[in-house]
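Participant: Dumping the structure here so I can ask a few things about it.
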Amino acid sequence: MNTIRLHKEHLQQFISAEELSDIRKEVLAAKQTLVSCTGKGNDFLGWIDLPQDLSPEIIKSIKNDVSALAPKASLFVVIGIGGSYLGARAVIEALQSEFASMENNSHPYVIYAGHTLSEDYYHQLLQMLDTHDYALAVISKSGTTTEPAVAFRIIKAHLEQKYGKSAAAERIIAITDARRGALHDIAKQEGYRSYVIPDNVGGRFSVLTPVGLLPIAMAGYDIEKLIKGACDMREICTTSDTLEENPALMYAAIRNILYRKGRKVEILENFVPNLKYISEWWKQLYGESEGKEGKGILPHSLSFTTDLHSMGQYVQEGERLMFETVISVAQPRHQVTIPSDPQNLDGINYLLGKTLTEINHNAELGTILAHVDGGVPVLRIEIPTVDEYVLGQLIYFFEFACGVSGYMLGVNPFDQPGVEAYKKNMFRLLGKPGYEK
Ligand code: PA5
């Protein structure tokens, strides 16, 4: 089966069949609220139909931009923060080699800015940009976020100094609101190539708009396959009312049952380090959507087996406040075999003839069994492999489940009022006009 599947055999001692059957009505009501656009935040539901509604002109235009910029840039800087960069980074890092570098690629190597205010980071970035040809995308839905605005001003100055103002403008793509915001105004005045983030799609749900698609295509990945995966998952998520057949409904049901039983933390885990940024994207998606009104599961993530040697102790024997969701990859993309060694001084000849994936899968199962024994519920999300199609499915699955789960929690999953608090203090401390007191 070329689709993601939920496995809940390791939940049996934590969730009864009655509990699942009792919550079914509530899950379906939340799903109905979502698809009928009658709930809180219903002006931000454009993502539900995005994969199927995406216009072919946008795909064509993205491909044209890739063809125009890829030959003249070994680096592509994505300037954005939160939902304006995490989706692209999640897909790119899932697909690219762990050891990819900026040399000798047919496509630019994507690097990131606008997600930090670290002076050292920008100093190091500029040093690297001194010696490489590059282009950039500046991405901000509001067009007013401080971190990307600061990064863009710094890098734009560097780009203009390096290539001259008009050649620099040809290396800049702006992705922002159709009508409002400083970035919109700058892009218009400077004549940058631009894409619009639809009004009804919030930042953390925007990976299947040019926000995610342009950087992913620039890195050389197949955005049509990504969209196809999302389309196919959309069909399942929006049409099936059977929890056993609709993984998003089942996921929303399971996490809400566990939350109500005191499991306040969900740890998303992988056994494949390329998925680290999928977890970072997921943390924003769920943390920003559900963490409000004093409620919400705290999303956390770990990469195994690496973190078994740092956080494994806590998960096994620490406070029982968590459940785990393991993203389990069925098939690797490449093979590496263990060489034979007749001396067997390292004592691992018992592994001869096994693939690394077989060993890793046994590490995964061994971990799950140990954690269940330790009193931690474990849900397993099996994905067939890591490719564009599967990632498209996974993204849509998590988004849809997030909407359903947020409505079950009773919050508006599509706003983020809490993000403003630090900004007000920062603006006042920095003396921004209008924020003096
Ligand atoms: O999901 C969200 O809306 C936020 O995390 C935003 O993506 C983030 O704050 C960046 O905002 P903007 O794209 O307006 O610069």
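The values are calculated or read from the model by the stated rules, or taken from the named source; none is laboratory data. Just so we're clear, the structure is a prediction, and the values are computed from it rather than from any experiment. Here the Cβ is made from the backbone with ideal geometry for all residues, glycine too, and neighbour counts use every protein chain on show.
Participant: Would you list the helices (runs of 4 or more DSSP H) that sit entirely within segment 320-437 and hold 2 or more residues that are more than 30 Å from VAL27 (Cα to Cα)?
Facilitator: Passing ranges, in order: 356-373, 420-430.
Participant: I've got another one for you. Regarding ALA157, is this residue over 22 Å from the mean Cα position of the chain (by Cα), more than 10 Å from the ligand (Cβ to nearest atom) and more than 20 Å from MET102 (Cα to Cα)?
Facilitator: Values: over 22 Å from the mean Cα position of the chain (by Cα): yes; more than 10 Å from the ligand (Cβ to nearest atom): yes; more than 20 Å from MET102 (Cα to Cα): yes.
Judged against the criteria, ALA157 is a match.
Participant: Something else about it: Among the numbered criteria (1) touching a residue at least 24 places away in the same chain (Cβ under 8 Å); (2) buried (at least 19 other Cβ atoms within 10 Å of the Cβ); (3) touching a strand residue (DSSP E or B) at 6+ places or on another chain (Cβ under 9 Å); (4) not aromatic (Phe, Trp, Tyr), which single criterion is violated by ALA182?
Facilitator: The number of the failed condition is (2).
Participant: Name the pairs whose Cβ atoms lie under 6 Å apart, with the first residue in segment 105-117 and among the hydrophobic types (A, V, I, L, M, F, W, C), the second part of a loop (DSSP other than H, G, I, E, B), and 6 or more positions between them or separate chains?
Facilitator: VAL110/ALA219
Participant: Which condition number does VAL329 fail, the rest of (1) closer than 21 Å to VAL378 by Cα; (2) loosely packed, with under 11 Cβ neighbours inside 10 Å being met?
Facilitator: (2)
Participant: Could we say that LYS225 is under 19 Å from the mean Cα position of the chain (by Cα) and either away from the ligand (no atom under 16 Å from the Cβ) or over 21 Å from GLN32 (Cβ atoms) (or both) here?
Facilitator: yes
Participant: Got at least one residue in segment 400-418 being among the aliphatic types (A, V, I, L, M), closer than 30 Å to PHE44 by Cα and touching a Leu at 6+ places or on another chain (Cβ under 8 Å)?
Facilitator: Looking only at segment 400-418, we keep the residues that are among the aliphatic types (A, V, I, L, M), and these are 401, 404, 408-409, 411.
Remaining after also requiring closer than 30 Å to PHE44 by Cα: 401, 404, 408-409, 411.
Within this subset, residues satisfying the condition of being touching a Leu at 6+ places or on another chain (Cβ under 8 Å) are 401, 404.
So far as segment 400-418 goes, yes, one or more of its residues are among the aliphatic types (A, V, I, L, M), closer than 30 Å to PHE44 by Cα and touching a Leu at 6+ places or on another chain (Cβ under 8 Å).
Participant: On the given criteria, is SER55 hydroxyl-bearing (Ser, Thr, Tyr), modelled with pLDDT of 95 or more and surrounded by fewer than 14 Cβ atoms within 10 Å (Cβ to Cβ)? First the steps, then the outcome.
Facilitator: Details: hydroxyl-bearing (Ser, Thr, Tyr): yes; modelled with pLDDT of 95 or more: no; surrounded by fewer than 14 Cβ atoms within 10 Å (Cβ to Cβ): yes.
Against the criterion (hydroxyl-bearing (Ser, Thr, Tyr), modelled with pLDDT of 95 or more and surrounded by fewer than 14 Cβ atoms within 10 Å (Cβ to Cβ)), SER55 does not qualify.
Participant: Do the conditions hold for VAL207, that is, is it within 16 Å of the ligand (Cβ to nearest atom) and in contact with a Lys or Arg (Cβ under 9 Å, 6 or more places away or on another chain)?
Facilitator: No, not satisfied.
Participant: When you look at ARG153, is it out of contact with any helix residue (DSSP H, G or I) (no Cβ under 7 Å at 6 or more places or on another chain) and either surrounded by fewer than 24 Cβ atoms within 10 Å (Cβ to Cβ) or small (Gly, Ala, Ser) (or both), yes or no? Lay out the reasoning, then the answer.
Facilitator: Values: out of contact with any helix residue (DSSP H, G or I) (no Cβ under 7 Å at 6 or more places or on another chain): yes; either surrounded by fewer than 24 Cβ atoms within 10 Å (Cβ to Cβ) or small (Gly, Ala, Ser) (or both): yes.
Here the answer is yes, as ARG153 does meet what is asked.
Participant: I would also like to ask the following. Within segment 105-131, can you find the residues that are away from the ligand (no atom under 16 Å from the Cβ) and surrounded by fewer than 15 Cβ atoms within 10 Å (Cβ to Cβ)?
Facilitator: So in segment 105-131, the residues away from the ligand (no atom under 16 Å from the Cβ) come out as 105-111, 118-131.
Hits for segment 105-131 are SER106, SER118, GLU119, ASP120, TYR121, HIS123, GLN124, LEU126, GLN127, MET128, ASP130, THR131.
Participant: Follow-up. Return the only residue of ILE236, ILE257, ILE216, ILE278 being surrounded by 24 or more Cβ atoms within 10 Å (Cβ to Cβ), within 26 Å of LEU379 (Cα to Cα) and not small (Gly, Ala, Ser). I'd like the intermediate steps shown before the answer.
Facilitator: On the way: ILE236 fails: surrounded by 24 or more Cβ atoms within 10 Å (Cβ to Cβ); ILE257 fails: surrounded by 24 or more Cβ atoms within 10 Å (Cβ to Cβ); ILE216 fails: within 26 Å of LEU379 (Cα to Cα).
Exactly one of ILE236, ILE257, ILE216, ILE278 is surrounded by 24 or more Cβ atoms within 10 Å (Cβ to Cβ), within 26 Å of LEU379 (Cα to Cα) and not small (Gly, Ala, Ser), namely ILE278.
Participant: Additional query: ASN344 versus (1) under 29 Å from GLN12 (Cα atoms); (2) surrounded by fewer than 19 Cβ atoms within 10 Å (Cβ to Cβ): which is the lone unmet condition?
Facilitator: If we test ASN344 against (1) under 29 Å from GLN12 (Cα atoms); (2) surrounded by fewer than 19 Cβ atoms within 10 Å (Cβ to Cβ), just (1) comes out false.
Participant: Taking the criterion of being outside the structural domain of GLY82 (by TED's automatic domain parsing), in a helix (DSSP H, G or I), in contact with a Ser or Thr (Cβ under 9 Å, 6 or more places away or on another chain) and touching a residue at least 24 places away in the same chain (Cβ under 8 Å), would at least one residue in segment 209-228 satisfy it?
Facilitator: no
Participant: Does segment 164-171 contain at least one residue that is among the hydroxyl-bearing types (Ser, Thr, Tyr), surrounded by fewer than 17 Cβ atoms within 10 Å (Cβ to Cβ) and either part of a helix (DSSP H, G or I) or touching a Lys or Arg at 6+ places or on another chain (Cβ under 8 Å) (or both)?
Facilitator: yes
Participant: Separate question: Surrounded by 14 or more Cβ atoms within 10 Å (Cβ to Cβ), among the aliphatic types (A, V, I, L, M) and touching a strand residue (DSSP E or B) at 6+ places or on another chain (Cβ under 7 Å), is that true of LEU45?
Facilitator: Spelling it out, it is not the case that LEU45 is surrounded by 14 or more Cβ atoms within 10 Å (Cβ to Cβ), among the aliphatic types (A, V, I, L, M) and touching a strand residue (DSSP E or B) at 6+ places or on another chain (Cβ under 7 Å).
Participant: Something else: Being at pLDDT below 95, assigned by TED's automatic domain parsing to the domain that holds GLN12 and out of contact with any Ser or Thr (no Cβ under 8 Å at 6 or more places or on another chain) is true for just one of PRO299, PRO339, PRO377. Which residue is that? Give the derivation first.
Facilitator: Details: PRO299 fails: at pLDDT below 95; PRO377 fails: at pLDDT below 95.
The conditions single out PRO339.
Participant: Sticking with this structure for a sec: Give the residues of segment 155-169 that are free of Cβ contacts under 8 Å to residues at least 12 places away in the same chain and within 17 Å of LEU69 (Cβ to Cβ), sorted by residue number.
Facilitator: GLU160, TYR163, GLY164, SER166, ALA167
Participant: For GLN335, are the conditions met, namely being surrounded by fewer than 16 Cβ atoms within 10 Å (Cβ to Cβ), farther than 29 Å from LEU208 by Cβ and not small (Gly, Ala, Ser)?
Facilitator: yes
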